[in-house]
Amino acid sequence: MSTIEAALWPLVLPRTVSRDDRLLLNRSEHERAARYRFEADRTAFITGRAALRRVLGNQLNTQPWRIEFSRSPCPACASVEHGPPNITSPDTRLSFSFSRSGDRALVAVNQRGPIGVDLEIDRTNDVDAMARQCLSLKERAYLDRLPPNHRQEAFRRAWVRKGAVTKASGIGGSVDLTRVHVIPQEPGRVTVRYRLGRRPGTWEVSDVDAGPGVTAALALPNFSIVRF
């Protein structure tokens, strides 16, 4: 079983967009930002994208604005419209994953294979309704046994683990999440089995301490060493 080293950067995004932030984004990123209806969402996208570019620029020893992104074919349908993101320039084997919720973000990189992270700001959810949509029967049964004051935390743990695994698998959110069983009753590191296309079928999923007020998870193939 191989050992893979990943690096993580938990970030607090600025609440306003700077000129430097805008200069780092390319035309398609600015067009995407303009499609957001609300100013807060537009700001979070721009500052998050700029932060991602800065982290990757440092890792690749290049100017952040020079980085070019594309998408690999979706492992389920081969479409490049929603496949996993990759870096086309400069030439690199670096894989990355990015997650943002409000003004909090998480960047992860891996030199030796796929990677996925997911982060969510802690907030009160309609757990019963969301559980029916995205939890497996075993996960729902576990949630039902918990006292009310523990259900939110358990649901958030399951949610971000599913997000991390589906991102690492290359499919993202367009998958039946009830089929991704992430063992929320066990904190720390768990082994999740989920295969899609030629991607690995066994993932090591770790809870990530990304700061107060958020829940986060990291998914990598096999066992891994995580560096903050």
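Values in this text are rule-based calculations from the coordinates and carry no lab data. Quick caveat: nothing in here was measured; it's all calculated off a predicted structure. Using ideal geometry, Cβ is built from the backbone for each residue, glycine included, and neighbour counts are taken over all protein chains shown.
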Cβ crowding within 10 Å averaged over residues, with 146-153, 5-12, 89-96 ranked highest first: 5-12, 89-96, 146-153
Protection-proxy order for peptides 102-113, 51-62, each taking the mean of Cβ atoms within 10 Å per residue, highest first: 102-113, 51-62
Principal axes of the range 1-52: Cα extent on each, largest first, Å: 46, 22, 21
0 to 90° range, to nearest 10: angle between helix 148-169 axis and the chain longest Cα axis: 50
Rg in Å to one decimal, and Dmax rounded to a whole Å, for the chain via C-alpha atoms: 17.4, 51
Spin-label pair Asp144/Arg27, simplified geometry with 7 Å Cα→Cβ offset, distance in nm: 5.5
Principal axes of the range 61-147: Cα extent on each, largest first, Å: 50, 32, 23
